[in-house]
Structures are given as structure tokens and as C-alpha cells.
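*Asks:* Can you read through this structure? Questions will come right after.
What follows is calculated from the coordinates using simple rules that are stated; it is not laboratory data. Owing to the predicted nature of the structure, the values given are computational and were not obtained by experimental measurement. Methodologically, a virtual Cβ is constructed for each residue, glycine included, from the backbone with ideal geometry; neighbour enumeration extends over all protein chains shown.
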Amino acid sequence: MTKNRRTVFSGVSAIAPNGSTTKEFWDATLNGVSGIGPISTFDASGYPVRLAGQVADFAPRDSIDGRLMVQTDRWTQLGLVAAARALEDAEIDPAALDEYDMSVITATSSGGNEFGQREIQKLWDKGARYVGPYQSIAWFYAATTGQISIRHGMKGACGVLVGEQAGGLDALGQARRALVDDATTVVSGGTDAPLGPYALACHVSSRLLTERQDPVRAYRPFDAEADGYVAGEGGAIFILEAEDTVRARDAGPGYGVLAGYAATFDPRPGSGREPGLRRAIVRALADARVDPSEVDVVFADGLGVPEADRAEAEAISAVFGARRVPVTVPKCLVGRLHAGGAPLDVAMALLSIRDSVIPGTPSLGELAPGIDLDVVRETRQATVRTALVLARGFEGFNAAVVIRSV
Amino acid sequence: MTVTVISLDEYAELINRASGAGLTADQLLDETVSFDSLGVDSLGVLGVVSELEQRYGLEPDSGADHSKSATALLFALNRRLVDAGLLTAGHTEQSIVIDAPYDEVWRQTNDVAAWPELFSEYAKAEILQTAENSVTFRLSMHPDENGTVWSWVSERTLDPETGTVRARRVETGPFEFMDIVWTYRKVEGGVEMRWVQDFAMKPQAPVDTETMTARISTNSSLQLALIRRRVEERARLAA
Amino acid sequence: MSDWGAVVTGVGVVAPGAVGRAAYWDLLTAGRTATRGITLFDAAGFQSRIAAEVDFDPAAAGLTPHEVERMDRSAQFAVVAAREALADAGLEPGQTDPERVGVSIGSAVGCTTRLEDEYVMVSDSGKNWEVTPEFATDHLYRALIPSTLAVEVAWTAGAEGPTTVVSTGCTSGLDAVGHGVQLISEGAADVVIAGATDAPISPITVACFDAIGATSRNNEDAAHSSRPFDRDRDGFVLGEGSAVLVLESREHAARRGAHGYAEIIGFAQRSNAYHMTGLKPDGLDMAEAIEIAMRRAGITPDMISYVNAHGSGTAQNDRHETAAVKKALGEAAHRVPVSSIKSMIGHSLGAIGALEVAACALAIETDTVPPTANLQHQDPALDLDYVPLAARKNVNDIVLSVGSGFGGFQSAMLLARPGLASRK
């Protein structure tokens, strides 16, 4: 039932470490400008990990009222700013639409970390009564969706999905479901900002982060020297609409279509069964009714952990054949943004279609042994009609979306 | 132990810290202004209460205060401070720094006939008798929420040498007594005007001394901020 | 009735006062309360010192030391509930193609308890803003990201289909089950292990509700402190626990001759876009969710036999919800029993919605309506039948469960006696 009405991306807003607006991010990405650098928001000298992809300045105070600022974590502020810009980009005035026809569906990986740390510190350092009233609404995973819904008067079915890095694609899948008979307009995507002192310590415990200190050589998906990833913050928020809605309001064709989506989960560790990523790809392509040969580019998950890189390469090669499809991981310029990461990849896919260009993977030196992929190193001109975006979440989540030109 | 009554500037700053509302003291001068109209939601008000409690080390009030207006909340706080013994019943002390020339501050704030234009609480000031450096007058307030017009006769004695004004109520009304001392001194940033009031209520008065202490403390915060604004404005115009 | 739906073929519960489905239903139908003074940590210095706690012995519940070490309490609850649900459904791992088994787990606050415990270790009890990462355990990242709750359930069930955590605050449980039914209805899975879990009884969560005065301070009478619809209510009582259901497509359940407790036949969500915690007394947005759920299920208000209320125990909720039920059900609202099991097991945030759906399934199975405990003096402003104190026999063909939560989310789910859809 989801196949008869195409789901169109009519608004895009990206906020990333190498560019705090869509245009700045896209220009930087095409030019291979990295947003990874030494952690600047706190003293990380006692941490084994010293690099992160930090959003330098997205000027939340310019567009978010002080009253909303005090009750929101940075992750929600990223979502609020991006949502407002995406609406503007889509030329939508929410006040002019039926409030029950608008939904908000976002993903987060870890919620309001820095806000939560401030309040929990007050509790343990000073006492229970020092915890402020906004803790109850700022750190929990639903805060961003709730605040966007309230800010723009959107009363349709709202949602929040959590699946670490894969959750960002699950949110888009859910947005497409909502457009079937729940909503005409969905604000969807994901942001995260897990770079506070405690959240980063939590990340360190996963042992998946690189301890390298050279920003250029730190996060190197598919590279022979890959030894982990760099954590980042930011993400992307989109406006998704049913195609007939976009047409009816005479707003241009939109950036692209969410043509296919699928999610799978890896077998239990030690089962010996094949990981689920290949199945996710196959199902998403089938859902989109796209043959592998039609795919112009794959935005890979690119964890930057050797074993995971190999597994991903195997899944891609199993579907497309070895070196048969251009694969790119421009997120090497910004780090992994958790629930914001895959939406940022989707933003890149949409902009690649618009501009007939494939952003590169400038961190790549030598491909790791056993990785038989055509990784796009330098940004190149190419017609992109169909893009596949892959995402994996910690301990087994897999998701894939197929983005096509309108 | 006693504490200093919060000034309207500090109160505005505290509200901003708790709620992000971005207010100035001027926006709090209207006693009827509700938190709602200031854009401070119920959680923001709880944050304000909590910040106030922290500032004064008060135990959290389990019958949490859901005052609708900023002034009502300030009054409730001052009342709790009196009850906790942190403000002395029958004694209030507050000051403000006015950025204007000393003579201008002295002149404007001692022009009793013009007080209805200086304070927001007085409807009428009738000069009954004047002498060199002293004045006897009747003040009438605006009707209160019950329609009662409070009115009394006071006598003020000015000592320009020391920058001191003493006043006492001649016709004391519900008060046992009410003695007021205003002092003026030049400080960094202008002139500090300090009000010290000592009083007690009659047993048959409609409010007790504790409540009146909270009421005067609250009102003084507002009136001082208002007087500062008006004196500074007039001084600027005169300059 | 529409094709949208799934059959509940397994129910697993870890609840305050009752680990296990049978004990749970005993507790609810006896009208016993599981609220008490907090024992999980020293709550002196907090204003609300009451909670509905699970007496949970992980080893007795079948968890290995390694599982206990890697899992937050909320994950432990979910795994134990999932195992019971799978056993109840008679669904052996491997019986169904793992790729056709999905997981949808709701949680409002994820692994907060573990996150807080470890925070205390790495920050020297809150003294340091920059913490000491080497004091953390190997499993700390698993506590930061609540997606691990779904991971553990997927591993328990051997699921390899669509797997996610749904985290919409206090409607997470209803929304996660609704998402599970959706996955089945759209053909993405034949079986979904769906439910919710939360273990929020930790200092930071108790403190944050203290800060907004949302929780009951009736510390002197903890056993009777959760009083939905009662004039003497003074806030909700924090709870914890998990309920996990095995959902199957009607075909899949029929093919293997599975016992169905109930079918989920309708679901809708709406938001109030009003305030993160405030509710308007008109209840219009919750009413809208109920009306749409009924429309999707193809039923009319007079067909509803029982309403499982959100009934959190705040005056604001009681008025909002009562207005919503009256608006959506019209005249029928005054004939249908409405009860809140939070009066007995407290409000376990995201978990409660799944615990309530489990209670609805059992209500249909046993034709019994659980009561609203502690309802001694009904708030005179409320005028529905809130089933005070004692359970009631009732022919429960179709039941409605509603939820309302921070963020403004309102959800409504309809369950029906199995086979009812095809008989009509």
C-alpha cells in the first residue's frame, strides 16, 4: 500500500561539523574539507579519545527563543534549527496546514546527554533539590520530536526511533508509513550531540573509537589502517510529503523520492549465520523495484573498524558484484553522527542527485585487504538517479534506503 | 541571621536564568503581569521557585507555589523568609543605585507633592504643612483588591547635610508605629538610596506584622526599581 | 473490521508485586497495590519516596551472571518477560524463519539506572565535569544507547527481522506494540516480539519528577498513594517493569494453531502540540486518537466493553482523559467500565503501555475488568464508571487502552476477542 504514492523529499536541512548549513556542509564536503578536530568544549586531555566532529556554530540563539533554549539539550536545538530550515526550504508554512496532517518522526541514539549530565551532577554534587524542572523533559529520547511538534503545531502521529546509527533510516521508513493515511507532511530525520564529557566516556567504553590524534588520518573507513571511528554531532532533518501533496501545492518537484526502505537485524553473535546487511540491501532494492545495476552510488555505513568494514564490503559485493558500483563514505569528514549520521548521508544522496556529483572519501589511502569495492576517493561529476544509503547500529541493526530522482 | 530582600534586577535575572525569558526589571513593574504573559510556563515558574529557594537556603515548599504573577510569587517568597526568620518581622531594609546626579535624586525623591507621579502605589499626596526641612502630608493609595483606600498622615524631616530623611506616621492607622529612614550616598554608578523601615501592626489590623513585612519588602523592590527608572529618565531629559 | 492487525499469542510480564503473567493477573484482579517506600536506593532527602518496585532476583529469573553484568535492570526485565512470552506462545527459536521475526521494544528512559550508577563512579560522585573514562565498565556504551534493549530481546528471540526501540516517553509501550502490529500488517514480519520496559527508580529520575511536583508525596501511606480518579490523589507513583508480547499475523498464528489471547485491531497516535507536560482539559487530541483507532478498526463506540485508562493519578490527567473518553465514545462512555491499573503497579513510564496492553489481553481472555484500587472518594468533577476497588466480571469483546505522555503524545489501541473480526 505504500507503493502507489511516492514519498518525496521536499525540504532538506543538514547541520554538520564541516558546515552548519546545508550549503556550507555540501560545499565543504565536495571540497574534502574535514570538520574533525580536537575536542574543544571540555578538557579531554584525560581521555584516550581527543578528536571529534563538532558543529562549530549553528547559532541556535538566533532562531530559538531563550525560553526554549533553557529547556532543551543541544541535540534538540540541532533538531529544532534543522526542522525550521527544512520547512523553509520546502516552502511550507505549518500554520497554513491542518495540524493533524503534520507528523514529526525523529531518531536519536542517546538523547539529551549534556543537559542530563549537568542535572545529574547537581543531584550528586549538591542534592536532589538542585535538579531543575526541565530535566524531566529535556534529556529523554522523545524531547526533540515533542519540541518540534509543539513549536510548529504538528498534531499528527509522532514518533521516535532508536537504533543507534541505523535509527536515522528507520525514522524515514516510519515517515513513509505515516504518509500512507496518517499525514500529508512529515518532519523526519535525526540529530545527535553526544560529545559531552560523560557521553564521550560512554562511547570510549565501546572500544570502537580511534585513539589517533591526527584529524586527517583518524577515521578511515575501508582503509588498511582503519582502527576505529571518530564520534561527531549534527544530522539532517527533512520534509517528506506524498507526491500528490507536493504537486498540489506547486512547490517544485522536490529533491528526490524515498523509493525503498528495509531494516534487518544481525543474527546472535556466535550463530555463524550471515550478518543482516545484505538482506537489508536486497529488500530495500526490491521495495524500490530497483535492479542493482540501476544504482549509481552507495553511501556506505563505513564504521572504520576492520572487521565491520570487511563485512560491509562483502554485503555490497554480494549484491552488486565486486567493484561494480561506486561506493563512498564522505562521513569520514565529519565522524559518525549516530542517529544523525544516516540522515546526513541521505541529504548527500539527494544533493548528489540534484548536482550530478558524487562526493568522495578523501581519508582513503590503501584499501584494506579483502575489501573489493570501488571507493570514490575524490569528488567526481556523475549523473545520479538512484542512490543507496546504508546504516548499521551498534550490535546488529541494519537499515537501507533507496533514494531516486523525482 | 537575616538576608537581603531580592531586588527587582536580581529577580529578573533569576527568572531569566531559570526560564530563559530574557526579561528586564522594567517588565516586572506591573504587579498584575502574569508569568504566562511573560512567556514563562508552569515548569519555568517551578524553576524560579527552586532558584529562589536555593538562593535563600529554604526547604522546598511541598505545597509548591503556583503563583500566576511574578509579584505574587515574590510576596510568597518574602513571607516564607519572614516565617523562616530570615527577614525580621517589623523591619525592612532595601536600597537601589540610581544613575543620576545626587542633587537631582535628592530633589525628585523628596518632592512629596509629586509622589503620585514617582511611585505607582500612591493616588494622592496632600501637603498639610511645610516648614524648613520638614513636611506633613496625607498619602492615599490606589484602592486595593477589596476596594479599600488606605490613607495616612506622615511627617518627614530632611537633613541635607548628612543626606538623611526621617519620617514617622502621625496618624498611624492600622500601624502601632511606622518609622522610616532614607539615606543617600554617592557610590560608583550613581547615588545609592536606602530605605529602612521599622514598624509594628496593631492587633486589630487586617494583616499582621509578618505579612506586612513581606508586603513592604515586595513593594519596595518594585517601587525602588520604578523610582530609579523615572528619576533617571527625568534626569536625562533635564540634562 | 480491517485487515490491519495481529494476534497476541504470548504474554510475558515483570511487574511490581508480580514476576510472571499469572502472578500479575492475580495481583490486578485482587486489587492489591504494589506501591511502597523506595528500597532500591536511600530516598531520604527526596520529596516523593514512594515507588512500585519489582522484587526481582535476576538469577532466580534465569539470567546468567554475564547477562546481569552486561544488562541494565530494564534490559533484564525485558529479557525475562520476552522469554516468558516466547514460552507462552510455544514459539521455539528456529520454528519461524528468523528473518520474518521482528522486535519492537518501547522505553521512555532506557538504561538510566546503569547510566547513573556508572556516572557516580566516573565522576567521583558528581565532583568532576570531566570524568575518568577508565573507571567505566566495558558495558557503559550499552547503557548510553537504549537500542540495546531491542538487541537483547532480538537475541533472546533469535529475531533477524526489523528491530527497533520506540521511545515516545510515556506512550512508548503502546506505540511499540502498535509499531509491531504495523510491521506485521505491512508484511515486513510474520512475528514481532513487542513490548516495553523501564526501570526508572533511580535518584535522577525520582529527583526530576520531584522538581515538577508530578509524583505523589503521600509518603506516610505509600500503599495507597496511587489514587487515580480519587479526590485525594496527589500525583503519580513511579513504577518499573516490563511486558513483552508475541504478536503474530493471523495467518501465521492460525497455521500453527496458536492460542490467541486477543487481536490488536486498531491503533492511532496524535500529539497535542501544546506543552511538553501540560494537558488541556478538553482532551480533544486524545479523543482524536481514539476516534481514528475506532475508524481504522471499523468499530463503533457501543462495541467497546472496557477502557483501560491512562489514569496516572494527577488531577490534570484525570480531567483530560475523562473528557477525551466522553468526546470519543459519546453516550457509550457512561456505560463502559474505565479503570486504571496504575493504582496498583504505579506508572512505569514507557513500560506501562505494554503492561496495560498485556492487562487488556488478559481482560479479554478472562472476561474480567481489573479495578481502580484506592478509589475511595471519586473526584466529583469526574463522572464515568471507574471500577472502584474490586474487579468485575464483564464480557470483554473489545477493549480500548489509552496513553498520554510528556511531549504531548496521545495514543489509543483497540484489542478484540480472537476471531471476533471474522465472525462479524
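*Asks:* Report the relative contact order of the range A:260-404, percent, no decimals, based on alpha-carbon pairs under 8 angstrom and at least 6 residues apart. Before the final figure, lay out the partial values.
*Replies:* Working: 281 pairs, mean separation 50.1, N = 145.
The value is 35 percent.
*Asks:* Next question, about the same structure. Kindly give Rg over Rh for chain C, based on alpha-carbon atoms, with the Kirkwood expression for the hydrodynamic radius.
*Replies:* Numbers: Rg = 20.0 Å, Rh = 20.9 Å.
Rg/Rh: 0.96.
*Asks:* Report P(r) for the range A:260-404: all Cα-Cα distances, bin width 10 Å, range 0 to the bin holding the largest distance, values in whole percent.
*Replies:* 12, 47, 36, 5, 0
*Asks:* Still on this structure, please answer the following. Give the calculated FRET efficiency between A:D244 and A:R377 to the nearest 0.05, with a Förster radius of 25 Å applied to their Cβ-Cβ distance. Write out the running numbers ahead of the final one.
*Replies:* Details: r = 41 Å, r/R0 = 1.64.
After rounding to 0.05, the efficiency reads 0.05.
*Asks:* In the range C:267-424, how does Rg compare with the Kirkwood Rh, expressed as the Rg/Rh ratio over alpha carbon atoms?
*Replies:* Numbers: Rg = 14.3 Å, Rh = 15.4 Å.
On the Cα set of the range C:267-424, Rg over Rh gives 0.93.
*Asks:* Sticking with this structure for a sec: Taking the Cα atoms of the range B:1-148, what is the range of coordinates along each of the three principal axes, in descending order and whole Å?
*Replies:* The Cα atoms of the range B:1-148 stretch 53, 38, 35 Å along their principal axes.
*Asks:* Arranged by the count of other C-beta atoms within 10 angstrom, fewest first, what order do A:F42, A:F265 take? Could the numbers behind the result be given before it?
*Replies:* Numbers: A:F42 16, A:F265 34.
The most exposed by this proxy come first: A:F42, A:F265.
*Asks:* Under 17 Å from a point 7 Å along the Cα-to-Cβ line of A:D291: which residues of the range A:375-391 have their amide N that close?
*Replies:* Answer for this model: A:385-387.
*Asks:* Next question. Under 20 Å from a label point 7 Å along Cα→Cβ of C:H377: give me every residue in the range C:293-317 with its amide N that close.
*Replies:* C:312-317
*Asks:* Separate question: To the nearest 20 debye, what is the magnitude of the charge dipole of the range B:91-238 about its Cα centre, counting +1 on the Cβ of each Lys and Arg and -1 on the Cβ of each Asp and Glu?
*Replies:* Values: 17 positive and 24 negative charges, 36 e Å.
Roughly 180 debye, rounded to the nearest 20.
*Asks:* Still on this structure, I have one more. Based only on Cα atoms, what Rg/Rh ratio does the range A:7-248 have, Rh being taken as Kirkwood's radius?
*Replies:* Working: Rg = 18.4 Å, Rh = 18.7 Å.
With Rh from the inverse mean 1/r over Cα pairs, Rg/Rh is 0.99.
*Asks:* So, one more: Residues with amide H under 5 Å of A:G189's amide H, sequence separation 5 or more or different chain, H placed in the peptide plane at 1.01 Å from N; which?
*Replies:* Correct list: A:I105, A:A107, A:F238.
*Asks:* May I pose another question? Just to confirm a number: summing +1 for Lys and Arg and -1 for Asp and Glu over residues other than B:E233 whose beta-carbon lies under 13 angstrom from that of B:E233, what do you get? Intermediate results must be reported in sequence, preceding the final value.
*Replies:* Values: positive: B:R228, B:R229, B:R230, B:R234, B:R236; negative: B:D26, B:D99, B:E104, B:E117, B:E232.
Combined, the nearby Lys, Arg, Asp and Glu give 0.
*Asks:* Further question on the same structure: FRET efficiency for B:T162 and B:D30, Cβ-Cβ distance as r, R0 = 41 Å, nearest 0.05?
*Replies:* Here the calculated transfer efficiency is 0.70.
*Asks:* Applying the Karplus parametrisation 6.51 cos²θ - 1.76 cosθ + 1.60 with θ = phi - 60° to the phi angles of the range A:238-251, what ³J(HN,Hα) value in whole Hz is obtained for each residue in order, glycine and proline being reported as x?
*Replies:* Each residue's phi maps through the Karplus curve to give 10, 10, 10, 9, 5, 4, 5, 5, 4, 4, 5, 9, 6, 10 Hz.
*Asks:* Also, I was wondering about something else. What are the ³J(HN,Hα) couplings of the range C:163-168, residue after residue, when phi is run through the Karplus curve with 6.51, -1.76, 1.60 and θ = phi - 60°? Round to Hz, x for glycine and proline.
*Replies:* Couplings: 9, 7, 10, 9, 10, 10 Hz.
*Asks:* Still on this structure: Could you tell me what % of all Cα pairs in chain A have separations over 39 Å?
*Replies:* 12 percent
*Asks:* Just name one of A:A259, C:Q376, C:L349: the one whose Cα is farthest towards the positive end of the charge dipole of the protein assembly as shown (beta-carbon charges, Lys/Arg +1, Asp/Glu -1).
*Replies:* Positive-end residue among those listed: A:A259.
*Asks:* For the protein assembly as shown, build the charge dipole from Cβ charges (+1 Lys, Arg; -1 Asp, Glu) around the Cα centre, then report which of A:A171, C:S312, A:T41 sits farthest towards its positive end.
*Replies:* A:A171
*Asks:* Putting +1 on Lys and Arg Cβ atoms and -1 on Asp and Glu Cβ atoms, find which of B:P60, B:V49, B:A214 reaches farthest to the positive end of the dipole of chain B.
*Replies:* Among B:P60, B:V49, B:A214, the one farthest towards the positive end of the dipole of chain B is B:A214.
*Asks:* Oh, and also: So if I place +1 on the C-beta of Lys and Arg and -1 on the C-beta of Asp and Glu, and nothing else carries charge, what would the dipole magnitude of the protein assembly as shown be about its Cα centre? I want it in debye, nearest 20. Spell out each step's value before the answer.
*Replies:* Details: 94 positive and 140 negative charges, 322 e Å.
The dipole magnitude comes to about 1540 debye.
*Asks:* Can you work out the Karplus-derived ³J(HN,Hα) for every residue in the range A:48-54? Use 6.51 cos²θ - 1.76 cosθ + 1.60 with θ = phi - 60°, whole Hz, and x for glycine or proline.
*Replies:* x, 9, 10, 10, 7, x, 9
*Asks:* May I pose another question? Quick one: which residues, 5+ away or cross-chain, put their amide H under 5 Å from the amide H of A:M154? H built at 1.01 Å from N.
*Replies:* For A:M154, whose amide H was placed from the backbone, there are no distant partners under 5 Å.
*Asks:* Collect residues whose amide H, placed 1.01 Å from N in the peptide plane, falls under 5 Å from the amide H of B:F177; neighbours closer than 5 in sequence don't count.
*Replies:* Result for B:F177 returns B:A200.
*Asks:* If r is the Cβ-Cβ distance from B:T88 to B:E59 and R0 is 30 Å, what FRET efficiency results, to the nearest 0.05? If you can, show how the numbers build up before the last one.
*Replies:* Details: r = 20 Å, r/R0 = 0.66.
E(calc), rounded to 0.05, equals 0.95.
*Asks:* Moving to a separate point now. Stokes-Einstein at 20 °C, 1.002 mPa s, Kirkwood radius from Cα pairs: D for the range B:91-238 in µm² s⁻¹?
*Replies:* On the way: Rh = 15.9 Å.
For these conditions, the coefficient is 134 µm²/s.
*Asks:* A follow-up question, please. For the protein assembly as shown, what does -39500 (n - 2.57) per DSSP helix run (n ≥ 4), summed and divided by total residues, give at 222 nm, in deg cm²/dmol to the nearest 500?
*Replies:* Working: 33 runs with 357 residues, N = 1069.
That calculation yields -10000 deg cm²/dmol at 222 nm.
*Asks:* Sorting A:M154, C:M303, C:M121, C:M344 on the 10 Å Cβ count, fewest up front, what's the list? Provide the component values of the computation, followed by the final result.
*Replies:* Details: A:M154 27, C:M303 17, C:M121 14, C:M344 31.
Fewest-to-most Cβ neighbours within 10 Å comes out as C:M121, C:M303, A:M154, C:M344.
*Asks:* For the range C:1-88, state which trypsin sites (Lys or Arg not before Pro) are in a DSSP loop and have at most 14 other beta carbons lying within 10 Å of their beta carbon. Don't skip to the end; give the middle numbers.
*Replies:* Numbers: sites: C:R21, C:R32, C:R36, C:R49, C:R70, C:R73, C:R83; in loops: C:R32, C:R49.
Passing sites in the range C:1-88 are C:R32.
*Asks:* Another question, if that's okay. Please report the orientation-averaged projected area of the protein assembly as shown, defined via the convex hull of its C-alpha atoms, in nm².
*Replies:* For the protein assembly as shown, the mean projected area of the Cα convex hull comes to 44.8 nm².
*Asks:* Here's a follow-up. Quick one: dipole size for chain C, taken about the Cα centre, charges +1 on Lys/Arg Cβ and -1 on Asp/Glu Cβ, in debye to the nearest 20.
*Replies:* Working: 32 positive and 52 negative charges, 228 e Å.
So the dipole magnitude of chain C works out to roughly 1100 debye.
*Asks:* So what's the projected area for the range C:32-164, the Cα convex hull averaged over all directions, in nm²? Don't skip to the end; give the middle numbers.
*Replies:* Details: hull surface 42.2 nm².
Seen from a random direction, the Cα hull of the range C:32-164 projects 10.5 nm² on average.
*Asks:* Here's something else I'd like to know. Just grab the label-to-label distance for B:D103 and C:E186, each label 7 Å out from Cα along the Cβ direction, in nm (one decimal).
*Replies:* Between B:D103 and C:E186, the simple spin-label model gives 8.1 nm.
*Asks:* Oh, and also: Restricted to Cα positions, what overall size does the range A:326-380 have along the principal axes? Three whole-Å values, descending.
*Replies:* 31, 27, 15
*Asks:* Right, another one. Arranged by the count of other C-beta atoms within 10 angstrom, fewest first, what order do A:Y255, A:Y100, A:Y219 take? Spell out each step's value before the answer.
*Replies:* Values: A:Y255 24, A:Y100 20, A:Y219 32.
Neighbour counts put them in this order, fewest first: A:Y100, A:Y255, A:Y219.
*Asks:* What length, rounded to one decimal in nm, is gained on full extension from C:K280 through to C:H334, with 0.36 nm per residue of separation minus their alpha-carbon distance? All intermediate terms of the calculation are to be shown ahead of the outcome.
*Replies:* Numbers: separation 54, 0.36 × 54 = 19.44 nm, distance 2.15 nm.
Between C:K280 and C:H334, full extension yields 17.3 nm more.
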